[in-house]
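Peer 1: Have a look at this one before I ask anything.
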Amino acid sequence: MSQLPVDLHVDLNSEDETGLPWGLLDRAAAPGVIVEGNWIVVGSGAVRAVAQIADIEGNVVHVRPLP
């Protein structure tokens, strides 16, 4: 079974002071889809999740993964 392609590389175990996982905008597969409120596929390695983009602060993108 193939895995879903990742829109944004995010270590889902990484959280900063916001309490949310984050990734870097310049590592996005298609930066044009990285818009606050959009739902995207995030992950790293073999881990994938669907997440909503919570906010974008410069190059840092915070996401809110589905449980």
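The values are calculated or read from the model by the stated rules, or taken from the named source; none is laboratory data. From a predicted model like this one, the values you see are computed outputs, not experimental measurements. Heads up, the Cβs are rebuilt from the backbone with ideal geometry, glycines too, and the neighbour counts pull from every protein chain shown. All accessible areas refer to the heavy atoms of the entire protein, side chains included, with ligands and DNA or RNA removed. Shrake-Rupley method; radii C 1.70, N 1.55, O 1.52, S 1.80 Å.
Peer 1: For a quick check of understanding: with a 1.4 angstrom probe and all protein chains in place, what accessible area in square angstrom does residue 26 have, to the nearest ten?
Peer 2: Here the accessible area works out near 110 Å².
Peer 1: What ³J(HN,Hα) values, in whole Hz, does the Karplus curve 6.51 cos²θ - 1.76 cosθ + 1.60 give for the stretch 58-63 when θ = phi - 60°, with x put for Gly and Pro?
Peer 2: My calculation for the stretch 58-63 gives x, 9, 9, 10, 8, 10 Hz in order.
Peer 1: If I ignore ligands, DNA and RNA and count only protein heavy atoms, how much of residue 39 is accessible to a 1.4 Å probe, in Å² to the nearest 10?
Peer 2: Using a 1.4 Å probe on the heavy atoms, I get roughly 140 Å².
Peer 1: Continuing with this model, one more query. Counting heavy atoms of the protein chains only and a 1.4 Å probe, report the per residue accessible area for the chain as a whole number of Å².
Peer 2: I get 61 Å² per residue for the chain.
Peer 1: Could you calculate the FRET efficiency of residue 26 with residue 66 from 1/(1 + (r/R0)^6), where r is the beta carbon distance between them and R0 is 22 Å, rounded to 0.05?
Peer 2: 0.35
Peer 1: Find the percent of Cα-Cα distances in the chain that exceed 20 Å, and round it to a whole number.
Peer 2: Result: 15 percent of Cα pairs exceed 20 Å.
Peer 1: Mind grabbing the accessible area of residue 41 for me, 1.4 Å probe, Å², rounded to tens?
Peer 2: Residue 41 exposes around 20 Å² with every protein chain in place.
Peer 1: Can you give me the Cα centroid spacing of the stretch 1-29 and the stretch 37-67 in angstrom?
Peer 2: 5 Å
Peer 1: Farthest toward the dipole's positive end in the chain, which of 33, 14, 47, given Cβ charges of +1 (Lys, Arg) and -1 (Asp, Glu) about the Cα centre?
Peer 2: The residue sitting most towards the positive pole is 47.
Peer 1: Quote to one decimal, in nm, the extra length available between residue 46 and residue 4 on full extension: 0.36 nm per residue of separation minus the C-alpha distance between them.
Peer 2: Extra length available between residue 46 and residue 4 comes to 14.1 nm.
Peer 1: Largest first, what is the accessible-area ranking of 8, 25 with a 1.4 Å probe?
Peer 2: Ranked list, largest accessible area first: 25, 8.
Peer 1: Oh, and also: For 44, 14, write out the residues from largest to smallest accessible area, computed with a 1.4 angstrom probe and no ligands counted.
Peer 2: 44, 14
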